[in-house]
Amino acid sequence: MNSQKFKPFYAVFILFFVFAVLFFSRYPQGLKEYAKTDAVLGTVCRVRLLTEKPEKEAHEILNSVFTELFRLESLFNANSDIQHTNRYEISELEKVNRLAGTEPVEVSEELYSLVKTSIFFAEKTDGAFNPAIGPLVKLWNIGFNEAETAYPNKQNGDVELIPSKEKIEAVLPLLDYRDIILSENGSQHKTIFLRKKGMRLDLGGIAKGYAADKASLLIVSAGIKNALIDLGGNISVIGKNPSNKNWKIGIKNPNLGKNNSIMNMEVTDRSLVTSGNYERYFIREGVLYHHILDSKTGYPVKNDLNAVSILCKKSVYADVLSTACFVLGREKSQRLLNELEKPEYEAEAFFFFKDNTVSHLSDLKNENFKFEITDKEFKENTF
């Protein structure tokens, strides 16, 4: 059996940080860089500020950003049942999950709104993005268990290679996002009810994007004009580089075992999110099983894609659309992106195929946006 532990790779190539350091170091005199890194939202998050503000004030801003990230984790964490922390007992989301099929749960405005947004995108994508996918995520558990012991068969003591067909079929009826019931009685009382026992919400495909937008808002509101936010590969940039030009971001090669940059893009005031089959996965007998699951089949998505990168003004949309477009594939994604209302959902979409071709769909039509394929093994094809 050829098995391998999952290997998380950030979608944005590490050279981006080299570029960022160089840019920061060349800023005019009087501007200084301040940064903070911490583990939150199930990943490693880093925020960098460039400002003339006093050091104490800059660190206060950084601390306020991470305080907000930890607060959002306490709302949206789908794994607080296994990821214990002294900051909170269980997340607000987990409280909803535990009472699935039993009773509605009164929730905060933020959780209610994010679930409502998630249902909107579930409808728009025909379930390609699905906030009710929690039971399937828990069943596969990709990224949480050792590959060799992920699926113990309790009946005979053997180890299953992957979840059995019977187990997958058993959870499929629990994945219908239409069984998420939202109710509100005035502005103060909002509830979420999961109609069937065993249902679980999982906002892993939208929560980091929402958090990145909240962090950006805090930073800009504090008077910071140039910053970099990295929430485990969800990248948001604010302002310009030292030469008053757009930031340069490199996208990592999506082929397994490759760590070079294959594309550079120059952006400002945008968020870039990539979903790919190389981020969290395991290999069983030569077959790769990745973490992007199809709620219609119960298995990891099978198509001709290695990754999809989405660039949007709002990280929450980039987060959702990168997942949905990976599930849908190129042609259905094109129809989806064309149908979404503009300018709110304007996006640049890049599809990275297993044959090393790249397709680009542009919504922005912005002369200030530039990209370049830097790896000669990759070729752009027409959409």
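Rule-based calculations on the coordinates, nothing more; no lab input. Keep in mind the model is a prediction, meaning the values are calculated, not measured. Note that we place each Cβ from the backbone using ideal geometry, even for glycine, and neighbour counts take in every protein chain shown.
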Here the range 52-68 yields Karplus 3J(HN,Hα) values (6.51, -1.76, 1.60; θ = phi - 60°; whole Hz; Gly and Pro given as x) of 8, 5, x, 4, 4, 5, 4, 5, 5, 5, 4, 4, 5, 5, 6, 4, 5
FRET efficiency for residue 110 and residue 360 from the Cβ-Cβ distance with R0 = 35 Å, rounded to 0.05, comes out at 0.55
Ranked output for segments 254-260, 121-127, 276-282 by mean other Cβ atoms within 10 Å, highest leading, reads 276-282, 121-127, 254-260
Sparse-neighbourhood loop hits (trypsin sites (Lys or Arg not before Pro), the range 164-256; DSSP loop; Cβ within 10 Å at most 10 others) -> 197
To the nearest 0.05, the calculated FRET efficiency linking residue 123 and residue 191 through their beta-carbon distance, R0 being 30 Å, is 0.90
Taking 293-303, 333-343 and ranking on average Cβ neighbours within 10 Å, highest first, one gets 293-303, 333-343
Cβ-Cβ cut-off under 15 Å around residue 302, Lys and Arg +1, Asp and Glu -1: the net charge is +3
Of the listed links 36/208; 258/313; 32/240, those spanning more than 21 angstrom between alpha carbons are 258/313
In whole angstrom, the spacing between the Cα centers of the range 274-298 and the range 159-179 equals 15 Å
For the pair residue 259 and residue 240, the simple spin-label estimate (label points 7 Å beyond Cα toward Cβ) gives in nm 3.5 nm
Computed on Cα atoms only, the convex hull of the range 244-295 has an orientation-averaged projected area in nm² of 5.1 nm²
